[in-house]
Amino acid sequence: MLPAQPTPLVDREQELAAGLAQLRGGDVRLLTLVGPGGSGKTRLALALGEELCAEVPAGVFFVDLSHAVDPHQVPLQVAATLRLRDAPGQSAHQTIARAIGSRRALLILDNLEQVVGAGAEVARLLADTPALQVIATSRQPLRLRWEHLLPVPPLPLPAQDAQSSAAALLECPSTRLFVERARAANPNLALTDAAAHQVAEICRRLDGLPLAIEIAAARARVLGPAALLAHVAGGLDLASTGPADLPDRQRSLRSTIQWSYRLLAPDEQRAFRRLAAFRGGCEVAGAAAVLGDRVDRGRALELLTSLAEKNLLVADAGAPEPRFTMLETLREYAYERLREEDDEADALARHAAFVAALADQARQGLLGGKQSVWLDRLDREQANVRAALRWALDRADAGVGLRIAAGLWRFWELRGRLREGRETLAALLAMPGAQAEIDQRVLALYAAAHLALLEAEYDVAGALYRDCITAARHAGDRASRAAALNGLGVVATCRGAFVEACEHLGQAVALNRASDDRLALATNLNNLGRVALYQGEHAQARRFQEDSLAIRRETGDLWGQGLTLGDLAEAVLELGDPASARRLQMESLAIWRSLGSTWGVAYVLEGLVGVELAEGRPRDAVRAAGAAAALREALGEPTAPVRKARLDAQLAAARGVLGSTAFERALAEGRALDVDQAVAQATSPPRPATAAPPEPSADDPLSPREREVARLVARGLTNRQVADELVISERTVDVHVARILAKLDFSARAQIAAWVARREPL
């Protein structure tokens, strides 16, 4: 989705038509909009994207690079905009290429001139992704072989001898822009012929640069055209304003910004300077934190509103909280003033402290009932988070850096930015001062271990968990020690070392019960339930999962509920109730979708494989498995070995029913589904299974009664329910089921269901 624009595009019909013709022609992969600062390149790029939205199957995406500081952040920011998760062993370029595939996609890379050397990254994106087109905005060409240029000059100006009248102003693009913006600021603005002459002269003085015109027009709230012209004429001393080697037009823009800055009250000037510390904008609370101890939220909002009215900030009233951003051209000027006033160090320190406090809140917020709210908020603050982490690394401030990273690990997990999280944590933990920050170091070690676990690097994860336990014991941090023991239990479970897993998980349970940490206890119980499931203790697994789910519902932990519901469904399935298992998986799927977790969708699809088999739908089971495998490959988070072994056994049963050709076809159909299509298939009403299989073939080893029992097992009935249905004892059913398994050389009830399904029309 492209960002909404508060005002219509003025003029630019010619540039818009030229750009659309090139992008629709099929040969242009990279169109660079080139023009001076303030010429309206971003606005034109967005207009091009809006026109092409309906024609681009994979979508049009706006990537703001104004806050990027080095070239490698370009593909990372693109991946984040596309909501892609990191994949181990793959570069961000490869992840992007895999996600887009052969579908046409369009990226708008805005403010590329901010990133020196970014051209090479753009070229690699284009080379790796043949269906990709890029619109770039830059003050200078990227000088790539892919590149086609579209100049974005200033708006046309009225001729010196043109008629000066209100009607004439609306015929010239630059003066029409001034009039529209000035009347928005002052609806009572009167435009006499004399005023029209003054407006024309203002636009000439500002070289037709849209940004400069809008800044000047915003002052029409308090200044008439004559006063505005006097200020503009006095401010454009090109001999003394800005660097001498700047082109005249850019020096004119700087002069306009400087003129507007000088008209600000002292506290507005200070606010304008200090807001340059933010990357990607801020909300009122953030502004108040950076503006200083004497500025409360009410005063901060007044200052932000005033600067927005003067076109020095852009207000987004449609955000959950009012958010204010600064165009990069204005931010550059504000940052220069910040340095001149010797205020930079304090402003950046306050900015980093604000981000650290936000991370503290996020660490708890991402565990409760407002996970979606916190994920969205951290999405909005990512540029500020990265800037604060960069500041901490540059300043060797391990305390602030570790504090931020320790609060973000679940965000990195849920948004699939494992590589960014692991690299950041490794750099922070390696800092000289990290050892001294014992409390934050404990949390960061746990976060690093958890992210390594997600990428199936079990040796690395185990070593980090053990380091965390040692540090936590030294710090007296019982909660982190218990969390790391739980992590070691998960590592052991993934490897099939169930005795070791129970030992670690049991220690974690004891610690969490002693401290009455119910949220952590729910995690331990969930993991003990998995161990019980893998050991065939299905009733015990169900009890563990139900206890875990009750706590997680009580605490509002959506992420935990999604996980436990899926695990409980697998225990319920093994106990012979596929209908209930499906309902639990559907509830889990709804939660994962609300959290935007593709991993969670894949987890549910894997759980549905057994459900589909038990209900006599082997082809649907294989499709679900194929979709889950493709999603996991795209995410770069492989299935744990013990879970994969269970899934492989289910797929082997399905292959036996379908035959190799039909099996491979169904698997390919599933792998071809994207996440939305996979969810649609999973949530569609299941196809009814045929009530009874046809007569057995001559080589069928089962007796008529055994075939009858097998048919009821395939319907998902437990042995008790089969006994009731056939009016025989449960012990007799136990014997029949054991004989069926032995005769067919099977080891699980799901295989019986698949065998029955093979004898039914598919």
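Data overview
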quantity	calculated
Enumeration of residues in segment 652-666 that are surrounded by 22 or more Cβ atoms within 10 Å (Cβ to Cβ) and within 34 Å of the chain's Cα centre (by Cα)	A666
Counted residues, segment 285-303 - those being among the aliphatic types (A, V, I, L, M) and under 28 Å from the mean Cα position of the chain (by Cα)	5
Those residues of segment 386-402 which are of a type in the set (D, E, K, R), over 16 Å from F278 (Cβ atoms) and surrounded by fewer than 19 Cβ atoms within 10 Å (Cβ to Cβ), in sequence order	D394, R395
T129 vs. criteria surrounded by 21 or more Cβ atoms within 10 Å (Cβ to Cβ), within 30 Å of I100 (Cβ to Cβ) and either free of Cβ contacts under 8 Å to residues at least 40 places away in the same chain or not assigned by TED's automatic domain parsing to the domain that holds A79 (or both)	yes
Candidates L519, L528 - the one that is out of contact with any strand residue (DSSP E or B) (no Cβ under 8 Å at 6 or more places or on another chain) and crowded, with 24+ Cβ neighbours inside 10 Å	L528
The lone exception for G119 - which of (1) within 26 Å of the chain's Cα centre (by Cα); (2) surrounded by fewer than 17 Cβ atoms within 10 Å (Cβ to Cβ); (3) more than 30 Å from E171 (Cβ to Cβ) it fails	(2)
Residues within segment 532-567 that are surrounded by 24 or more Cβ atoms within 10 Å (Cβ to Cβ) and of a type in the set (V, I, T), tallied	1
Positions within segment 100-111 being of a type in the set (V, I, T) and either out of contact with any helix residue (DSSP H, G or I) (no Cβ under 9 Å at 6 or more places or on another chain) or surrounded by fewer than 19 Cβ atoms within 10 Å (Cβ to Cβ) (or both), in sequence order	I100
Residues of segment 276-309 classified as surrounded by 22 or more Cβ atoms within 10 Å (Cβ to Cβ) and either in the same structural domain as A220 (by TED's automatic domain parsing) or in a loop (DSSP other than H, G, I, E, B) (or both), total	3
Count of segment 484-516 residues which are surrounded by 20 or more Cβ atoms within 10 Å (Cβ to Cβ), out of contact with any His (no Cβ under 8 Å at 6 or more places or on another chain) and either in contact (Cβ under 8 Å) with a residue 40 or more places away in the chain or of a type in the set (D, E) (or both)	2
Search result, residues across segment 709-733 that are polar (S, T, N, Q), more than 21 Å from K743 (Cα to Cα) and at pLDDT 75 or above	Q721
Enumeration of residues in segment 266-284 that are small (G, A, S) and more than 23 Å from the chain's Cα centre (by Cα)	A271, A276, A277
Residue within segment 22-41 that is under 30 Å from A212 (Cβ atoms), out of contact with any strand residue (DSSP E or B) (no Cβ under 7 Å at 6 or more places or on another chain) and surrounded by fewer than 18 Cβ atoms within 10 Å (Cβ to Cβ) present	no
Cross-chain or 6+ apart pairs with Cβ under 7 Å, segment 458-471 first and more than 12 Å from A448 (Cβ to Cβ), then small (G, A, S)	I469/A484
Some residue of segment 197-209 being part of a helix (DSSP H, G or I), over 19 Å from P173 (Cα atoms) and of a type in the set (D, E, K, R)	no
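Let's see how each residue does on (1) outside the structural domain of R181 (by TED's automatic domain parsing); (2) among the aliphatic types (A, V, I, L, M); (3) more than 24 Å from A265 (Cβ to Cβ); (4) in contact with a Lys or Arg (Cβ under 7 Å, 6 or more places away or on another chain):
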residue: T329; (1), (2), (3), (4): yes, no, no, no
residue: A349; (1), (2), (3), (4): yes, yes, yes, no
residue: A362; (1), (2), (3), (4): yes, yes, yes, no
residue: G369; (1), (2), (3), (4): yes, no, yes, no
residue: A383; (1), (2), (3), (4): yes, yes, yes, yes
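The values are calculated or read from the model by the stated rules, or taken from the named source; none is laboratory data. Note that the structure is a prediction, hence the values are computed from the model and not measured. Cβ atoms come from the backbone with ideal geometry, glycine included; neighbour counts cover every protein chain shown.
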